[in-house]
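Undergrad: One structure coming up, written as structure tokens, with questions to follow.
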Amino acid sequence: MALLTIGVFARASRLSPKALRLYDELGPLTPARVDKVTGYRFYAPEQLDRARLVAWLRRLGMPLARIRQVCALDGAGAAREVRAYWAQIEADTAVRRDLASFLVGHLSRGEPGTSGAPALEIRYAAVSDTGLVRESNQDTAYAGGRLFAVADGFGTGGAPAGAAAVDVLKRLDGDRIAAGDLLNVLAEAVEEAGRAVRGSGPEGGGARRDGGTTLTAMLWTGSQLALVHIGDSRAYLLRDGGLFQITHDHTLVQSLVDEGRLTPEEAASHPQRAMLVKALTAGGEGEAEAGAGGVAADLRLHDVLPDDRYLLCSDGLSAVLAVGRIRQVLGEVPDPEDAVRELVLLANGCGGPDNVSCVIADVRRSGVCITPGRERA
Ligand code: MG
């Protein structure tokens with residue numbers, strides 16, 4: 001069949017000649033023939049399908065290098081790659097949406113908690129247990145007046161790594177932080193926690209490179225909870241009887257679930273389900289994945305409601321106890337101290353294969369209404 005000139009092919013594919021030249025140079029669509037003398041490009045009519053696919057993928061915003069990979073696959077493989085690409089876009093967008101939502105709220109209403117909102121207070125409890133199999137406890141759990149944290153250390157020096165990370169955040173426990181400063185303060189604290197983990201090993205010169213820790217923590221501002229999260233410890237919210245996981249596991253299997261390559265059921269029993277893709281590591285690799293913000297941890301803000309109940313836990317709980325059972329305990333045991341102890345008992349009742357840590361924070365009305373110009377004591 002006769003080859004098409006670049007002008008004819010451009011009109012048929014709705015791609016510009018300039019774009020076609022670029023796609024030739026970068027690989028996703030090379031011409032069927034290039035005239036050695038004139039340099040003119042010629043395309044086969046059957047290349048139109050490929051050209052249209054490239055155009056559609058460009059409209060999705062997919063980078064050319066990734067388009068080249070998609071074009072090399074068969075239909076099912078290409079579909080998987082597009083699904084994985086879009087899952088990543090949606091995850092990135094969700095993080096930015098949270099930030100935008102916080103900024104809209106902050107800019108439109110000023111300092112939260114100063115405009116007639118009901119005053120809230122928090123009741124809390126924390127417990128950490130070695131479990132029935134491990135020889136030592138590498139978890140750290142903490143609950144103070146404003147800060148709630150769980151860290152799950154791993155590898156050589158995991159225990160001091162987790163403790164060091166939480167110790168850094170504990171310095172924020174007594175401070176009242178203005179809403180506008182909250183994200184910056186937390187981002188700096190997580191970076192400092194990462195440095196503390198790298199300096200937490202033996203010899204004072206940094207932990208062994210195979211160690212590190214997860215870190216899931218909430219900072220209470222008086223009307224909002226700011227959430228910091230890296231790794232596979234979890235935060236859950238019990239609200240109106242429903243239990244919602246409000247952190248996203250930074251694990252290999254979760255990323256495969258996000259990309260549609262594994263079902264949640266397959267992930268739960270996957271032999272590599274504990275493999276982390278992000279953590280505060282002694283070697284600093286977790287932070288190296290950081291984007292423009294410089295921090296690999298997720299930072300989120302939540303408007304709280306009276307009667308919200310938050311649970312932070314290490315995977316020693318979430319990996320062994322069904323989420324329905326966790327919801328049942330949180331819904332039926334009102335005292336936070338009793339509830340964390342019940343959860344640890346249940347984890348150990350499942351064999352206690354890992355260290356288990358639980359922190360509960362209950363949001364209650366304090367009975368005092370905050371009015372402008374007056375801070376709650
Ligand atoms: Mg663990």
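Undergrad: More than 19 Å from residue 274 (Cα to Cα) and in a helix (DSSP H, G or I) - does that describe any residue in segment 145-152?
TA: no
Undergrad: Just checking, does segment 21-39 include any residue being at pLDDT 90 or above and among the acidic types (Asp, Glu)?
TA: Yes, segment 21-39 contains at least one residue that is at pLDDT 90 or above and among the acidic types (Asp, Glu).
Undergrad: Report yes if residue 213 is within 19 Å of residue 143 (Cα to Cα), at pLDDT 80 or above and either surrounded by 24 or more Cβ atoms within 10 Å (Cβ to Cβ) or within 16 Å of the ligand (Cβ to nearest atom) (or both), otherwise no.
TA: yes
Undergrad: In addition: Just to be sure I understand, how many residues within segment 58-80 are aliphatic (A, V, I, L, M) and closer than 16 Å to residue 24 by Cα?
TA: 5
Undergrad: Within the set of pairs 6+ apart or on separate chains, which have a first residue in segment 135-149 that is in contact (Cβ under 8 Å) with a residue 60 or more places away in the chain, a second that is of a type in the set (Ser, Thr, Tyr) and not in a strand (DSSP E or B), and C-beta atoms under 6 Å apart?
TA: 137/130; 139/314
Undergrad: I'm trying to understand the selection: among the residues of segment 151-180, which are among the hydrophobic types (A, V, I, L, M, F, W, C) and under 18 Å from residue 195 (Cα atoms)?
TA: 151, 154, 159, 161, 163, 164, 165, 166, 168, 169, 172
Undergrad: Additional query: Given the options 132, 73, 169, name the one that is crowded, with 20+ Cβ neighbours inside 10 Å, modelled with pLDDT of 85 or more and not basic (Lys, Arg).
TA: Among 132, 73, 169, only 169 is crowded, with 20+ Cβ neighbours inside 10 Å, modelled with pLDDT of 85 or more and not basic (Lys, Arg).
The values are calculated or read from the model by the stated rules, or taken from the named source; none is laboratory data. If you're wondering where the values come from, they're calculated on a predicted model, not measured in any experiment. Glycine gets a Cβ as well: all are built from the backbone with ideal geometry, and neighbour counts include every protein chain shown.
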